[in-house]
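To start, the structure itself, in structure tokens.
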């Protein structure tokens, strides 16, 4: 990016009037920004306090919800840090600050959906760029990458990113991004982020982007392993209550220019997240550690139960010692997460539908990461936009069932799976 764009207060800059760090301001109540409290604090303390400062107007302990679409100017080019909510909003800025801190990045931008977060990231790439993607990526990601290939000149190679020689061989002079999902959706395959980042950074101007939705910054920190960008669907674990749709893109530590690019790109595309949704995600962050610990503990019990069940042929969960990348999971993650998938020992539509219909506490629905348990059939739901050939290449069978383990009592969820898997 040209140096003239590093100052966001220069007229002509695409990010003009868009402050990365809104200025501190005193008010008649006498409050201003406190010194930073969270660097060096534990993850739970960070989740409670990240992005939170007493409101300068009245000292509100929780960030206020600023619903205004527009903000007053004192005179030409002088305002309190905001001019129009698409470009910047105090409630959204608080969430962006929190996410950047929790991920250990320089700055963030919050988007209207997880898909628009991917769109913002892809708009960093010049026309004719080549991208390498996880082969069993989320179906919506696949659909967007295929669309970009057809209409915007993007070249895409889908790979099992655990195959490092294949990744190295796939690099081209125009490779500008490696797209990682780890664990992947829905097969829970892992990518060695540090190893792939090392390969990617041999290529000039190649960004390594990691979709961290499945684990959240509480269980995985991709920037510590060499990533340049972290992407989230904040709809999922960050919010945690299935009442918000949103996304986020976070730029790595020290990446001022990259932060400005993602923030001005979000503004340009008109994909900014609404203040009310940001307010709800900020609320959800407060309990992220508590939720993730309970999600994970229950998922481990259910994965072990399914792995021992005679009606189940295979379980995909990194927390099982038999998972091919169990050791990698222990090395690069703080935990195993709460997503798992499994295949029936004997397949077929009748048995599959029997299980999906019989489940009571697991609701048949798309999405994940909420307090309630969900079950999905990837081939007909989350990955229906993939061609049958692409699903076969990714290893997504018609018999695959995906679980998002919620916060219900573990004995209830285990009993629910047991009765659904009884075919007498």
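What follows draws every value from the coordinates through simple rules; no lab data is involved. None of the values given here were measured: they were computed from a predicted structure. Every residue, glycine among them, receives a Cβ derived from its backbone with ideal geometry; neighbour counts consider all protein chains shown.
Each label was represented as a point 7 Å from its Cα along the Cα-to-Cβ direction; for residue 314 and residue 44 these points are 3.8 nm apart. Extension gain, residue 61-residue 412: 0.36 nm per intervening residue step, less the Cα-Cα distance, totals 122.6 nm.
At a Förster distance of 22 Å, what's the computed FRET efficiency of residue 297 paired with residue 365, Cβ-Cβ distance as r, to 0.05? E(calc), rounded to 0.05, equals 0.45. For residue 346, project a label point 7 Å along Cα to C-beta. Then give me every residue of region 383-423 with its amide nitrogen under 13 Å of that point. Label zone hits: 422-423. Between residue 70 and residue 398, the FRET efficiency from the beta-carbon distance, with R0 = 56 Å, is close to 0.65.
Counting neighbouring beta carbons within 10 Å and listing from fewest to most, the residues 60, 116 come out as 60, 116. Pick from 219, 290, 99: which residue has the top mean-square fluctuation in a GNM of the chain where Cα pairs under 10 Å get a spring? Among 219, 290, 99, the largest GNM mean-square fluctuation belongs to 290. In the chain, helical runs assigned H by DSSP with n ≥ 4 each contribute -39500 (n - 2.57); averaged across all residues and rounded to the nearest 500, the mean residue ellipticity at 222 nm is -10000 deg cm²/dmol. For region 112-250, the Kirkwood hydrodynamic radius from C-alpha pairs, put into Stokes-Einstein at 25 °C and a viscosity of 0.890 mPa s, yields a diffusion coefficient of 165 µm² per second.
Compared with the alpha-carbon gap, the fully stretched path from residue 152 to residue 287 is longer by 44.6 nm at 0.36 nm per residue.
For the options 213, 109, 45, a Gaussian network treatment of the chain with springs between C-alpha atoms closer than 10 Å singles out 45 as fluctuating the most.
The angle between the Cα long axis of helix 275-285 and the main principal axis of the chain comes to about 60°, on a 0 to 90 degree scale. In percent, rounded to a whole number, the relative contact order of the chain is 16, using alpha-carbon pairs under 8 Å and six or more apart. Measuring between their Cα centroids, region 375-424 and region 114-130 lie 30 Å from each other. Just checking the listed ones, 174, 266, 212: in the Gaussian network model of the chain with Cα springs under 10 Å, the one fluctuating most is 174.
Across all directions, the shadow cast by the convex hull of region 288-420 built on its C-alpha atoms averages 8.1 square nanometres. In a fully extended conformation the segment linking residue 166 and residue 419 would gain 86.8 nm over its present Cα-Cα distance, using 0.36 nm per residue.
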